[in-house]
Amino acid sequence: MTVSLDQNPESALPASPIVALAGVSNANPIRVLLVEGDQIFREILSDELSERRFVIRSFGDGGASLLDSLATAGDADVIILDWSLPKPSGIDLLLQLRRHGVNLPVVFLTGRGLPAHESLALDRGASDSIDKARGIEVLVRRLKRAVGVGKTAADPQTDKRIVCGKLVLELSVSRAYWDGGDLGLTVGEYNIVHLLVSNVGRYVTYRAIYDRLHYEGFIAGSGNDGYRANVRSVIKRIRNKFRDLDPTFAEIENYSSFGYCWGKQADAS
C-alpha cells in the first residue's frame with residue numbers, strides 16, 4: 001500500500017472529534033502531529049501510522065514550523081516528539097508548547113529507554129515515553145491510550161470532588177489543592193494521588209501505582225522490578241510539591257518493598 005506523506009505544515013487536517021480508547025473508526029481517525037528529525041524514520045513511521053488509519057502531519061525542522069503554526073494543534077489529538085531533537089530539544093519544545101497553551105497529550109519517542117529519560121519526560125508533563133525499538137503496534141496502542149486519557153480529562157463532568165483533610169481533588173478538571181493552594185500536579189501525578197486517597201489507610205503496591213501512571217502491565221526500567229525506581233522518583237516529586245506549600249507534609253507513607261499509602265489520620269469523603 002502506497003501512502004502519500006504530507007510534509008506541508010500549512011495544509012489542513014480534516015475535522016474529527018477525539019476518538020475513544022476503544023479504537024479508531026474510519027470516520028474518526030486519530031490526528032497526529034509528528035516532530036521527528038530523522039527523515040527516513042519520519043517517513044517510515046508516517047506510512048506505518050497512515051496504514052493504521054491515523055492522519056499524520058509531520059515536521060522535520062526540529063519543531064520550528066510547528067511553533068510558527070500553532071493553530072494546527074487545535075486540529076490534532078496527540079503530538080509525537082523525538083527525544084533527540086537538536087534545537088529546541090524535545091523537552092524544551094514540550095515546555096514551549098505548554099507555554100503557548102497547547103495541552104494536547106505528548107508522547108516521546110526515544111532511541112534508548114532509559115528510566116531517567118522517562119522520569120524527566122513525565123515530570124515535564126508528557127503522557128508517555130516509548131523506546132523506538134518497541135515497534136509500531138506498541139506505539140499504536142500507547143497513542144490510543146494517550147488520546148483516550150486526554151478525552152476523559154476533557155469530558156464535562158458534574159462538579160464532584162474528593163476532600164481528605166487539607167487535600168481537595170477536583171475531579172472535573174483533574175486538579176489537586178492542598179490547604180487551598182494549587183499543587184500543580186501533572187496528569188500522572190494527579191492520578192497517583194487520586195489512587196492513594198481512594199485507598200486511605202491501605203497500602204497500594206508499587207505495581208498498582210505504576211499501572212495507574214501508565215497502564216496495566218506497562219514495562220520499563222531495568223529488570224523485572226525496575227519500575228519501582230520510577231515509582232519512587234514520582235512519589236518524591238509529588239511529596240516535594242506538597243512540601244512547597246506545607247513543609248510539614250507527611251501524609252504519604254511508605255512500606256519498604258511493598259508500596260505507599262495515604263495517611264490514616266484523615267477520612268476521605
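The values are calculated or read from the model by the stated rules, or taken from the named source; none is laboratory data. Bear in mind the structure is a predicted one, so any value in this text is a computation, not a measurement. Quick reminder, even Gly has a Cβ in these numbers, built from the backbone with ideal geometry, and neighbours come from all protein chains shown. Each accessible area value is taken on the protein alone, full model and side chains, heavy atoms only, with ligands, DNA and RNA left out. Shrake-Rupley method; radii C 1.70, N 1.55, O 1.52, S 1.80 Å.
Every condition in (1) within 30 Å of Lys236 (Cα to Cα); (2) in contact (Cβ under 8 Å) with a residue 40 or more places away in the chain; (3) touching a Gly at 6+ places or on another chain (Cβ under 9 Å) is met by Ile130 except one, and the failing one is (2).
So that you can scan it fast, the table gives a plain yes or no per residue for (1) in contact with a helix residue (DSSP H, G or I) (Cβ under 7 Å, 6 or more places away or on another chain); (2) over 30 Å from Val173 (Cα atoms):
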| residue | (1), (2) |
| --- | --- |
| Ser46 | no, yes |
| Leu49 | no, yes |
| Phe59 | yes, yes |
| Gly63 | yes, no |
| Ala73 | no, no |
| Ser89 | no, no |
| Val106 | yes, no |
| Gly111 | yes, yes |
| Leu120 | yes, no |
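Among the residues of region 157-196, those identified as assigned to a strand (DSSP E or B) and open to solvent by 40 Å² or more (accessible area, probe 1.4 Å) are Arg161, Val163, Arg175, Tyr177, Asp182. In the condition set (1) modelled with pLDDT under 85; (2) open to solvent by less than 20 Å² (accessible area, probe 1.4 Å); (3) closer than 21 Å to Leu122 by Cα, Gly263 is compliant with all but (3). As a summary of the residue check, Glu51 satisfies the conditions (1) among the acidic types (Asp, Glu); (2) over 25 Å from Leu213 (Cβ atoms); (3) open to solvent by less than 30 Å² (accessible area, probe 1.4 Å) except for the one numbered (3). For region 60-82, enumerate the residues that are surrounded by 23 or more Cβ atoms within 10 Å (Cβ to Cβ) and either modelled with pLDDT of 90 or more or closer than 20 Å to Arg142 by Cβ (or both). The answer is Asp77, Val78, Ile79, Ile80, Leu81, Asp82.
Can you spot a residue in region 116-130 that is within 21 Å of Arg31 (Cα to Cα) and assigned to a helix (DSSP H, G or I)? No, the conditions are met nowhere in region 116-130.
Collect the residues in region 116-144 that are over 24 Å from Ile44 (Cα atoms) and in contact with a Lys or Arg (Cβ under 7 Å, 6 or more places away or on another chain), keeping them in residue-number order. Asp123, Gly125, listed by residue number.
For Leu104, state whether it is part of a helix (DSSP H, G or I) and open to solvent by less than 40 Å² (accessible area, probe 1.4 Å). Taking the combined requirement at face value, the residue does not satisfy it.
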